Amino acid sequence: MSVVYPLEPLRVEEHLHGHLGWIAAMALLHPAVLLRRAQRRAHLSVVFAVALVTLAAWIGVTMYPAYRETLRQPIFAGSAAVGYLFERKEHFAFGAVMLAWTGGVGYAAEAFAEGRVRASLRRTAHYAFVAAAAFALVTAALGTVVAAYKTF
């Protein structure tokens, strides 16, 4: 006989956030790779990567008040190290979003530039996506550690 657990909205949101975070981290790798070549077009890759990381962050922001009220104190009481991992996760997540947007804006602005400025914007977009992907991977890994420790 199996036990049926009710779906708790915060747990569903937390799982969606975590899975979407991993998908966003992988999606950020795509424009990082595509933008290595100066003539390569990556419109959809850039748009989807920026959209996914932004959506994952937005879900995280909407969950933050519930996390602060419900989980933060028990996590820190049980393991300060895990609590601080979550705090660092937030910083890396912010960096991933900002770097993704930097890459997206740089990629879009490249269409309106010429010569050295165009090449510079393309390089900036490439490096921003490389860094955003790295930050997002660290964020997803830290989030997984914290979620495995304590969840809604």
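Rule-based calculations on the coordinates, nothing more; no lab input. Since this is a predicted model, take the numbers as computed values, not measurements. Here Cβ is always computed from backbone atoms with ideal geometry, including for glycine, and neighbour counts include all displayed protein chains.
For segment 107-115, does any single residue satisfy the condition of being touching a Phe, Trp or Tyr at 6+ places or on another chain (Cβ under 9 Å), surrounded by 15 or more Cβ atoms within 10 Å (Cβ to Cβ) and under 24 Å from Leu44 (Cα atoms)?
yes
Before we move on, is Thr139 farther than 23 Å from Arg40 by Cα, surrounded by 19 or more Cβ atoms within 10 Å (Cβ to Cβ) and polar (S, T, N, Q)?
Yes: the conditions hold for Thr139.
Given (1) in contact (Cβ under 8 Å) with a residue 24 or more places away in the chain; (2) closer than 20 Å to Ala108 by Cβ, where does Gly18 come up short, assuming only one miss?
Every condition holds for Gly18 apart from (2).
From the list Ala96, Ala119, Ala125, exactly one residue is over 17 Å from Ala25 (Cβ atoms), crowded, with 17+ Cβ neighbours inside 10 Å and in contact (Cβ under 8 Å) with a residue 60 or more places away in the chain. Which is it?
Ala125
Pick from Gly103, Gly143: which is in contact (Cβ under 8 Å) with a residue 60 or more places away in the chain and in contact with a Lys or Arg (Cβ under 6 Å, 6 or more places away or on another chain)?
Gly143
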